[in-house]
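Every number in this text was worked out from the coordinates using simple rules, so none of it is lab data. If you're wondering where the values come from, they're calculated on a predicted model, not measured in any experiment. Positions of Cβ are backbone-derived with ideal geometry, glycine not excepted, and every protein chain shown enters the neighbour counts.
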Amino acid sequence: MFLPSVYPQYACALKEKGADIKVMMFPDDTRTRQDQPIEEIFEETGINGTQLDRFSIKFMYNKLRGDFAKVPWRKMICNNQGAPKWIFITYLAVHGKLYTRDRLLKWGIIDDAECAMCGLETESTDHLCFKCPLSAGIWGQLLQWQGYSRPVLAWKDEQEWQRLYANGKNSKDEMYRVTLTGCIYMLWHERNCRIFQQKMRTVNVLTTMIILKVICRETMKPKLTSRVMHLNTYL
Ligand SMILES: [Zn+2]
């Protein structure tokens, strides 16, 4: 058996706890491996037998699991320093799963799919991010605040731009991703306020609210504090 051959002391401890070592190590393989040479098993998983001293559980796990294509939105969603509710709403927006009025109309729940923020077009994820004049105005100001001099793009293009130019681990890129998720959340919040509470806020008020919320999040992360110091709190 693989694990007892390499780490007999760990195998004994796991057995005492009732762990099934064979199933744990090789969940997809029901064959017994008791007589299989260790080098052969390593060869199957792509590890050279001479590298026993540098055995890595992470490497072995990845080999057993196989390779998967990385999704383009992973850096926007995973390890984002924004509030969990911001990330959740952005995740729904990325997948087109927000309950926007065009979907509700399609399901026969409402009769009118007009955007609650501008009243000009049908409300959809693409319209909400960032074709709507209100959302384009907010995101444009937030881009300017962060020091980006580029026009506001359509939602798919914004995601692609983030993947290409704001995908790093530096504070500027991380802050960009936090601000983007904060903006998406606040747009959805504003849309709900207008529909269910008949409350309206202006572009400037919403932008300032997002900036303050982002700064609040950033100051909790020492790595991002330096980035905040370079930006004005207000527009
Ligand atoms: Zn609109």
**OP:** Sort 220, 60 so the one with the fewest other Cβ atoms within 10 Å of its own Cβ comes first.
**Re:** 220, 60
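Classify the stretch 65-179 as rounded, prolate or oblate from the Cα gyration tensor: take a ≥ b ≥ c as the square roots of its eigenvalues, call it rounded if a/c is under 1.5, otherwise prolate when a/b beats b/c and oblate if not.
Numbers: a/c = 2.36, a/b = 1.37, b/c = 1.72.
Verdict is oblate for the stretch 65-179.
Find out how many positive minus negative residues lie around residue 190, taking Lys and Arg as positive, Asp and Glu as negative, among other residues whose Cβ is under 9 Å from that of residue 190. Working shown, then result.
On the way: positive: 191, 194, 199, 201; negative: none.
Every neighbour counted, the sum reads +4.
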Subject >> Near-label residues of the stretch 167-204 by backbone N, under 12 Å of a point 7 Å along Cα→Cβ of residue 220 >> reply: none
Original post:
Here are some pairs, 75/213; 97/156; 106/199; 85/169; 85/213; 131/156; which of them have Cα atoms lying more than 18 Å apart in this structure?
Top reply: 75/213; 106/199; 85/169
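Output the peptides 160-172, 85-97 sorted from most to least packed, where packing is the average of other Cβ atoms within 10 Å over each peptide's residues.
Details: 160-172: 14.0, 85-97: 17.7.
The packing order, highest mean first, is 85-97, 160-172.
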Original post:
Going by how many other beta carbons lie within 10 Å of each one, how would you line up 124, 149, fewest first?
Top reply: 149, 124
